[in-house]
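Q: Following this message is one structure expressed as structure tokens.
FYI, it's all coordinate maths here, none of it is from the lab. Keep in mind that this is a model prediction, so the values were computed, not measured. Here the Cβ positions follow ideal geometry from the backbone for every residue, glycine too, while neighbour counts run over all protein chains shown.
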């Protein structure tokens, strides 16, 4: 870890300078040598970095959603060019270019944070070794070494020896208890962040391998951070726990205000929006009007949740407009399905028995009467007329029957002796 941190030593000076500036502010309030002053300085560093990374976070959301939408097409390309890996890669790149999707965009916030993370690790390691680094001089170094967070020094680690912890003015038990609690909280926040993404902000109507990958990461990432956490100083654990909590809150806000179409979060959001329209008779807020505007623009391509929302507006006698507002309309119910032509109601197909029964009653009435009024002949005696073929469409009972498929109507030719 120290070797990796040294690769980012070029950013050590800016990171140490930012921490010192925040330390001056909090030191005037809580005291320069307290854990609150140094701990809040690290938290403020995280907040500053995450605010600067908000544009990348927006890109991450768009990229993640585009990847979810493209999964069926990507799977079709993989199956079509299963034996040609080069053509498969070319088609994938073509698909990304046409849709403006970058697979690496989902990792941009983590990649952008990495230099600051390792630079902070390098600074805290220098403090633990009593070495000057960046703008931290000897007086600031002594102050940082005296700072404790719930009895654990900023530069102490879970795996440190008792002698090293004693040199920092703390007990090994306090350090391990504090670091263990912070590691558990760090892993739990990572798990909850990924879980709320999978359970609330994913289109459940599309089953793709991407969802399975995200589900695996939901369990793998917390384990990775738990294993790595035992080698992190307390100050780095504060940094990572803060950034996880920030990510969780930021994602919760996005899920509530701009959910993925077709997800459970969208159903809850449109339910709240419908209640608001019911209470006020209008769409309040620019964000909500933009949501209605997108639903109107989709037309017949709306998903089931969006159709349900438009139908709910129609029951109130309201019709959504292209500008995101709603107006009273008598034809709202007819337009509730997004302007799509209503399907024609096809008559139910009768069974074969019902069709034959109906045909027999229609065409067999006269035949039944004639058969009853015809004179009865003596039994076991056949006349030449009886041997003549009966007219097509009439049976002995007088009911007409259709010829079987593949047979000629009327009298059948006798089979040749060789074909019997």
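Q: Rounded to the nearest 0.05, what FRET efficiency is calculated for residue 177 and residue 79 with R0 set to 45 Å and r the Cβ-Cβ distance?
A: The computed FRET efficiency comes out at 0.25.
Q: Let me ask something else about it. Using the number of other C-beta atoms within 10 angstrom as an exposure proxy, rank 192, 30, 232 with the fewest first.
A: 30, 192, 232
Q: Which residues in the range 300-319 place their backbone N less than 13 Å from a point set 7 Å from the Cα of residue 327 along the Cα-to-Cβ direction?
A: Flagged as within label range: 318-319.
Q: Follow-up question, since we're still on this one. Relative contact order for the range 2-257 using alpha-carbon pairs under 8 Å, separation at least 6, rounded to a whole percent?
A: 25
Q: Could you order peptides 82-94, 142-154 by the average number of other Cβ atoms within 10 Å of their residues, highest first?
A: 142-154, 82-94
Q: Compare the peptides 51-62, 239-250 by average per-residue count of other Cβ atoms within 10 angstrom and give them in order, highest first.
A: Highest to lowest by the protection proxy: 239-250, 51-62.
Q: Also: Between residue 132 and residue 217, what is the label-to-label distance in nm when each label sits 7 Å out along the Cα-to-Cβ direction?
A: 4.4
Q: Another question, if that's okay. At a threshold of 8 angstrom on Cα-Cα distance, excluding pairs fewer than six apart, so keeping six or more, what relative contact order does the range 264-328 reach in percent?
A: Reported relative contact order: 36 percent.
Q: Sort 282-294, 15-27 by the packing proxy (mean of other Cβ within 10 Å over each peptide's residues), most packed first.
A: 15-27, 282-294
Q: Determine, from the Cβ-Cβ distance of residue 28 and residue 99 and an R0 of 51 Å, the FRET efficiency 1/(1 + (r/R0)^6), rounded to the nearest 0.05.
A: 0.45
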